[in-house]
1. Given (1) at pLDDT below 80; (2) within 27 Å of Pro127 (Cα to Cα); (3) among the aromatic types (Phe, Trp, Tyr), where does Phe64 come up short, assuming only one miss?
2. Would you confirm whether any residue within the stretch 110-118 is modelled with pLDDT under 85, aliphatic (A, V, I, L, M) and either under 26 Å from Asn8 (Cα atoms) or surrounded by 10 or more Cβ atoms within 10 Å (Cβ to Cβ) (or both)?
3. Checking Thr14 against (1) at pLDDT 85 or above; (2) over 13 Å from the mean Cα position of the chain (by Cα); (3) not in a loop (DSSP other than H, G, I, E, B): exactly one of these is not met. Which one?
4. Here is a list: Ile50, Ile36. Which entry is modelled with pLDDT under 80 and surrounded by 13 or more Cβ atoms within 10 Å (Cβ to Cβ)?
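The values are calculated or read from the model by the stated rules, or taken from the named source; none is laboratory data. What you see is a predicted model; the values in this text were computed from it and never measured. Here Cβ is always computed from backbone atoms with ideal geometry, including for glycine, and neighbour counts include all displayed protein chains.
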Amino acid sequence: MNPNDVDNIHRIPTKNKNMPRPIVVKLRSHRMKELILTQVFKHIKKETKITQRLWGVDSDNLIFVSHHLPPEKKYLGKKLRDLGKGKVSRTMSFENGDWVAVLSDNSSVIIKNEEELKALKRRLGIPSR
């Protein structure tokens with residue numbers, strides 16, 4: 001990654017004034033974003049924590065990296081997580097604009113919208129409310 005890959009960087013407000021404000025980085029290409037997030041999540045699986053030291057800063061302060069999702073994608077992710085216990089594994093990821101979940105039978109499913117979420121519920125035998 002180089003400085004030309006970054007389109008914009010800004011901080012967003014927090015409710016807790018004692019916490020540092022999150023930094024949002026907008027990249028010029030979606031591909032670069034996916035590459036960075038893939039590497040970050042691979043590191044988390046191995047190390048469980050990301051600190052400033054990883055980026056060359058002499059500090060053990062933690063860094064949290066996540067997608068900045070639009071409300072409808074956040075909603076789908078929450079609904080997917082809330083599906084029946086034991087039916088959907090805790091392995092979920094957001095890739096190329098869609099949620100990907102690994103089911104308890106080790107198959108994976110891509111959820112792009114609420115209709116696909118409803119179809120997954122039917123497949124898993126979870127009653128609709």
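1. Of everything listed in (1) at pLDDT below 80; (2) within 27 Å of Pro127 (Cα to Cα); (3) among the aromatic types (Phe, Trp, Tyr), Phe64 misses just condition (2).
2. So far as the stretch 110-118 goes, no, none of its residues is modelled with pLDDT under 85, aliphatic (A, V, I, L, M) and either under 26 Å from Asn8 (Cα atoms) or surrounded by 10 or more Cβ atoms within 10 Å (Cβ to Cβ) (or both).
3. (3)
4. Values: Ile36 fails: modelled with pLDDT under 80.
The match here is Ile50.
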